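Every read-out reported here was derived from the displayed coordinates using simple, explicitly stated rules and does not represent laboratory data. For clarity, every value in this text was computed on a predicted model and none was experimentally measured. Positions of Cβ are generated from backbone atoms using ideal geometry, with glycine treated the same way; all protein chains shown enter the neighbour counts.
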Ligand SMILES: Nc1ncnc2c1ncn2[C@@H]1O[C@H](COP(=O)(O)OP(=O)(O)O)[C@@H](O)[C@H]1O
Ligand SMILES: [Mg+2]
C-alpha cells in the first residue's frame, strides 16, 4: 500500500511548489495511470514515491509518504528500490551497464535473485519486451525506444511488488507501446504487482489501467475509475488533457439522448456504441 498524505514539495531554489497538498492511496494490486500536461508535477510525484525526492533532489518537503509502512523520508532510496522498481523518464541516466544483458543481470544480482533463476528471468524479461535479439548489443548503439524496452525489461525481471514507470513508451511506436502495456497488465493480473504508469497517450492508458489520476499545476485534480474520470471531460480539457475522440463522441451522443450506455474509451467499445446508436430508428428529437 502506498499512502500519500498532504504531500507538498518545492525544489530547492524554486519559488513555486512542484507538488501541493497531494492525498492519494494506491492499494496493492492497483494499476494506476497518471495523466496531466507537461509540468503538472507527474515526474516529481514519481520521484517522491521512490524517494529520489527529497533524497537526491532536495527541497522543502511537507506531508508524508509511506510505502508498505516505510516512511520515504526515513528510508534510503536504495531500500525503497527493493519495493518499488522505477523506470525513469530520463532513460539514459538510468542505464548502468554497457551491454543489454548486463543491464538486466546487474539488477538480478543486486537483488540477490537465486543463481538458478537468473537465466530464465533474463530470457523471459527480454522476450516479453520483444528484445531477445538485442541481448548482446551495446546500449550506446540502441535507439531511444530500444533503450526504453531494456529499462522496462530490467525492472520487470526483478518482479518488484510495485512498478513505477514514467512515460515508458514515449519513444515507442504504437505497436510496441501496446505490447509493453499488455505485458504490464499481465504482470498486474498474474503476479498482483502494483503498477503506476505516467503516460501521455490517454487511449493507451484507458484501455489498460484500472484507475486514473489527473494532475494539474502540482495538484491532484481527480482520481478514480477510468469511466468516472472520463466522464469529467471538461476538467480533463481544462487540465490540458484531451479525452479520447471516441469518448468525446460518446459523450455528445449521450447528451443528445442517442446513447445511454457506458462511455467508450477503446475502439471496440466505440464500435459497439455505434452499432447500438445505428440500430435506433428514431432520432431522439422525434420524441420531443
Ligand atoms: N530538478 C528540478 N529542479 C527544479 N525544478 C524542477 C525540477 N524538475 C522539475 N522541476 C519543476 O517542477 C515542475 C513539475 O515538473 P515535472 O514533475 O517534471 O512535471 P511533469 O512530469 O508532469 O512534466 C515544473 O515546473 C518543473 O519545471
Ligand atoms: Mg515528466
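Please give the length that would be gained between residue 282 and residue 200 if that part of the chain were fully extended, namely 0.36 nm times their separation in residues minus their C-alpha to C-alpha distance (nm, one decimal). Don't skip to the end; give the middle numbers.
Details: separation 82, 0.36 × 82 = 29.52 nm, distance 3.86 nm.
Fully extending the segment from residue 282 to residue 200 adds 25.7 nm.
Percent of Cα-Cα pairs more than 23 Å apart in the range 2-241, please. Spell out each step's value before the answer.
Values: 13669 of 28680 pairs.
The calculated P(r) of the range 2-241 puts 48 percent of pairs beyond 23 Å.
Sorted by average packing, counted as other Cβ atoms within 10 angstrom per residue and highest first, what order do 106-114, 197-205, 1-9 take?
Working: 106-114: 14.2, 197-205: 21.2, 1-9: 18.0.
Ranking the peptides 106-114, 197-205, 1-9 by packing returns 197-205, 1-9, 106-114.
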Subject >> Within the chain, percent of DSSP bridges classed antiparallel, to nearest 5 >> reply: 55 percent
Original post:
If each residue's Cβ is checked for other Cβ atoms within 10 Å, how do 281, 136, 185 rank with the fewest at the top?
Top reply: 281, 136, 185
**OP:** Quick one: order 177, 38, 86 by neighbouring beta-carbon count within 10 Å, fewest to most.
**Re:** 38, 177, 86
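Ordered by packing density, taken as the mean number of other Cβ atoms within 10 Å over each peptide's residues, highest first, how do 208-214, 167-173, 221-227 rank? Provide the component values of the computation, followed by the final result.
Working: 208-214: 21.3, 167-173: 18.9, 221-227: 16.4.
Going by the mean number of other Cβ atoms within 10 Å, highest first, we get 208-214, 167-173, 221-227.
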**OP:** Could you work out how far apart the two model spin labels at residue 182 and residue 238 are, taking each label as a point 7 Å from the Cα in the direction of the beta carbon, and quote it in nm?
**Re:** 3.8 nm
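For residue 159 and residue 99, what is the calculated FRET efficiency with R₀ set at 25 Å and r taken between the beta-carbons, to the nearest 0.05?
After rounding, the FRET efficiency stands at 0.65.
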**OP:** Note down the nm distance, to one decimal, between modelled labels 7 Å out along Cα→Cβ at residue 127 and at residue 15.
**Re:** 5.7 nm
Subject >> Per-pair calculated FRET efficiency, R0 = 41 Å: residue 266 and residue 23 via Cβ, rounded to 0.05 >> reply: 0.85
Subject >> Whole-Å distance, taken between Cα centres, linking the range 146-209 and the range 66-130 >> reply: 14 Å
**OP:** For the range 39-119, just the Cα set please: Rg and Dmax, both in angstrom.
**Re:** 14.6, 45
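Given an 8 Å cut-off on Cα distances and at least 6 residues of separation, report the relative contact order of the chain as a percent.
Values: 502 pairs, mean separation 61.9, N = 288.
RCO, the chain: 21 percent.
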**OP:** Treating the Cα atoms of the range 93-210 as identical point scatterers in vacuum, please give the log10 of the normalised Debye intensity I(q)/I(0) at q = 0.16, 0.22 Å⁻¹, two decimals.
**Re:** -0.72, -1.34
